[in-house]
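Read through the structure below, which is laid out as structure tokens, and then see the notes.
Throughout, read-outs are computed from the coordinates displayed, never taken from laboratory work. The model shown is predicted, which means the values in this text are computed figures rather than measured ones. So basically every Cβ, Gly included, is an ideal-geometry build from the backbone, and we count neighbours across all protein chains shown.
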């Protein structure tokens, strides 16, 4: 394991949230088109805590995506600026908690905080670990042709280049065909 489990989960869920606004063809999409889609995302990523289940909550989460997205292309100093801004804005106060089958891990907002606040702070806390370990390069944009989806490279040898939308397979097929023609 490269990072603690809650850090890996925070990074992966932030990447998944960012990717709800884009596809592997580089086109903007909206996978969080309604409250039902948000509910599914929350279930899929096991977000705990209170929810308002309203358009305000959905809008706040949509507005969070571009802020988190900046972390995937920021240099270290800019990433620190973004992370510190998120932690200040949402009044992060790290605490160890245990719930729903998870052993002790860090939460930096109360479970009663708005969902978008909890998502922002969890992502910021995860990126804090990445920066402290000098591993910001593990936050990447897919190397697939035209793909702009983000990914977290948790491989031991830092070799992951493609998102999970099939870009790696397409690149391998294209390379194979090019070799066969040449």
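Summary table
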item: Cβ crowding within 10 Å averaged over residues, with 92-100, 20-28 ranked highest first; result: 20-28, 92-100
item: The chain: angle of helix 167-181 to the longest principal axis, Cα-based, in degrees nearest 10; result: 10
item: Per-residue Cβ neighbour rank within 10 angstrom, fewest leading, 51, 177; result: 177, 51
item: Fully extended contour minus Cα-Cα distance, from residue 25 to residue 51, at 0.36 nm per residue; result: 6.1 nm
item: Gain upon complete extension [residue 161, residue 173; 0.36 nm per residue less C-alpha separation]; result: 2.8 nm
item: Gained length - residue 44 relative to residue 63, 0.36 nm times residue gap less alpha-carbon distance; result: 4.8 nm
item: Exposure proxy order (Cβ contacts within 10 Å, fewest to most) of 148, 141; result: 141, 148
item: 0 to 90° range, to nearest 10: angle between helix 5-18 axis and the chain longest Cα axis; result: 70
item: Projected-area average for region 5-181 over all orientations - Cα convex hull basis, square nanometres; result: 11.3
item: The chain: angle of helix 115-132 to the longest principal axis, Cα-based, in degrees nearest 10; result: 60
item: Nearest-0.05 FRET efficiency for residue 8 and residue 73, computed from C-beta distance (R0 22 Å); result: 0.60
item: Pairwise centroid distance, computed over Cα atoms, of region 127-178 with region 1-77, Å; result: 18
item: Order of 131, 18 under a 10 Å beta carbon neighbour criterion, fewest first; result: 131, 18
item: Cα→Cβ-extended label distance, 7 Å offset, between residue 146 and residue 104, nm; result: 5.1
